[in-house]
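Only the coordinates and a few stated rules stand behind these numbers; no lab work does. Since this is a predicted model, take the numbers as computed values, not measurements. Neighbour counts run over all protein chains shown; Cβ positions are idealised from the backbone, glycine included.
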Amino acid sequence: MRVLVTGGAGFIGSALVRLLIRESRYEVLNLDKLTYAGSVTTVAEVAQDPRYRFVEADICDGDRVAAIIRDFDPDTVVHLAAESHVDRSIDGPDAFIETNIVGTYRMLRAATAHWAALPADRKAAFRFHHVSTDEVFGSLGPEGFFVEDTPYDPRSPYSASKAGSDHLVRAWHHTYGLPALVTNCSNNYGPYHFPEKLIPLMIVKALAGETLPVYGRGENVRDWLFVEDHVRAIRRVFEAGTPGETYNVGGNSERTNLAVVGTICAILDEMRPRPDGKPYADQIGFVADRPGHDMRYAIDASKLKRELGWEPQESFETGIRKTVRWYLDNEAWWRAIQARQYSGERLGLKAAG
């Protein structure tokens, strides 16, 4: 079987590529534009495998995408390519509308043409798996969980663009019959996470002796999902999920942002104590909140467990320790990013123009 992964040089996409090469016999084509958040270093460990291929391309280039799909002849498309950082979407929403909505449309158009031309047996087995986010559902109060039929209520340019892409995928399934699947996941963390996101940013700033900037009072709650658990869920869904269905993927690990930062500090105290012997928590500082910051996300992933037998293997406690250890052991990777692409500056405070 041949699997085309868009965004396969990014954080989640690269984890999926590594999983498929390591644990399956699939041929994998990684299609990635290599924006600031994508790097072939994330898939270096599988780059020489004969079942792996890479092509640099933009999903918004419909003709190029169609040619790549014709050449590779995939049995499954896993669509992960997206602009994904809320703060960057506040500063510059254009790229989010273009990539997440228009790019998804281009992928759907090319995949549908490919699927329609397949022989009957391959046509029946073909899958288009669109990977999305729980942020499309909006914000929860202190109680309750997002389920698959929770009404959409996106609050940021990022989440609105992902909501639009979700709707397009479902429309292509209902209108054209494309065997499509959608997954909506909670906040991911783990190795190779670009250090603009909360967990890697706090690790690298702590090691640099800088202030750890916590938005507002740190009370916003997220459900944290270890990236390797997430890609195992993705594989399970495209192999066994029912076309037309949506599956929520969560880590069963709700934490306030302040609690997450405190946990990172405590692990660093153990693994790499500060030279002055003081706790890393002394570096925590509170900064102006993100505009429109959603208060709480929480995923009910019981459908995925009940119907497909998936549940996370990592708790937050085990996953965060593995993550901190990875960043300590791979300083060269993230220091190169700091030097070339992103040095930890605050994002998300500009007015859209």
ask   = When only C-alpha pairs under 8 Å and at least 6 residues apart count, what is the relative contact order of the chain, in percent?
value = 18 percent
request  = Going by C-beta contacts inside 10 Å, put VAL136, VAL17 in order with the fewest on the left.
outcome  = VAL136, VAL17
message = For SER132, SER165, which order do you get if you count the other beta carbons within 10 Å of each Cβ and list the fewest first?
response = SER132, SER165
task = Could you estimate the translational diffusion coefficient of the stretch 192-263 from the Stokes-Einstein equation, with Rh from the Kirkwood formula over C-alpha pairs, at 37 °C and 0.692 mPa s, in whole µm²/s?
result = 229 µm²/s
message = Exceeding 24 Å between C-alpha atoms, which entries from my cross-link table qualify? They are LYS123/LYS162; LYS33/LYS197; LYS197/LYS303; LYS33/LYS305.
response = LYS123/LYS162; LYS197/LYS303; LYS33/LYS305
remark   = Between TYR247 and residues 5 or more places away or on another chain, the pairs with built amide H atoms under 5 Å apart involve VAL182, THR183, ASN184
key: Three-way shape label, the stretch 244-303, alpha-carbon gyration tensor, a/c 1.5   = oblate
query = Between HIS174 and GLU245, what FRET efficiency follows from the Cβ-Cβ distance if R0 is 22 Å, with the result rounded to 0.05?
reply = 0.95
Amide H contacts of VAL214 (H built 1.01 Å from N, under 5 Å, at least 5 apart or other chain) = GLY285, PHE286, VAL287
message = Please list, in order along the stretch 218-235, the HN-Hα scalar couplings obtained from phi with the Karplus expression 6.51 cos²θ - 1.76 cosθ + 1.60 (θ = phi - 60°), rounded to whole Hz, x for Gly and Pro.
response = x, 8, 5, 10, 10, 9, 9, 10, 5, 4, 6, 5, 4, 6, 5, 5, 4, 4
Pair THR35, ARG122: separation of 7 Å Cα→Cβ label points (nm) = 3.1 nm
inquiry  = Can you give the FRET efficiency to the nearest 0.05 for ARG274 and THR211, using r as the Cβ-Cβ distance and R₀ = 22 Å?
reply    = 0.95
remark   = The helix 62-72 Cα axis meets the longest alpha-carbon principal axis of the chain at an angle in degrees, between 0 and 90 and rounded to 10, of 70 degrees
key: Full-stretch length increase - ASP49, GLN313 - with 0.36 nm per residue and alpha-carbon distance subtracted   = 92.4 nm
message = Expected output is a single nm value to one decimal: the length gained when fully extending between GLU98 and ASP289, i.e. 0.36 nm times separation in residues minus the C-alpha distance. What is it?
response = 66.1 nm
request  = Please say if the stretch 1-108 is rounded, prolate or oblate, where rounded means a/c under 1.5 for a ≥ b ≥ c the square roots of the C-alpha gyration tensor eigenvalues, and otherwise the choice is prolate for a/b larger than b/c and oblate otherwise?
outcome  = oblate
key: Size of charge dipole - the stretch 142-230 - debye, nearest 20, with Cβ of Lys, Arg +1 and Asp, Glu -1, no other charges   = 280 debye
key: Packing-based exposure ordering (other Cβ within 10 Å, fewest first) of LYS303, LYS278, LYS33   = LYS278, LYS303, LYS33
message = Apply the a/c threshold of 1.5 to the C-alpha gyration tensor of the stretch 294-342 and tell me whether it is rounded, prolate or oblate.
response = prolate
key: Karplus-derived HN-Hα couplings along the stretch 153-163 (A = 6.51, B = -1.76, C = 1.60, θ = phi - 60°), whole Hz, x at Gly and Pro   = 8, x, 10, 10, x, 4, 5, 5, 5, 5, 4
task = Taking amide H positions as placed in the peptide plane 1.01 Å from N, state which residues far from ARG296 in sequence (5 or more) or on other chains have amide H under 5 Å from it.
result = LEU140, VAL221
message = What distance in nm separates the two pseudo spin-label positions at GLU331 and ALA113, each 7 Å out from Cα along the beta-carbon direction?
response = 5.1 nm
query = Hey, what's the Cα Rg ratio for the stretch 1-44 versus the globular rule of thumb, 2.2 N^0.38 Å?
reply = 1.05
query = Do you know the relative contact order of the stretch 6-95, to the nearest whole percent, from alpha carbon pairs under 8 angstrom that are 6+ apart?
reply = 32 percent
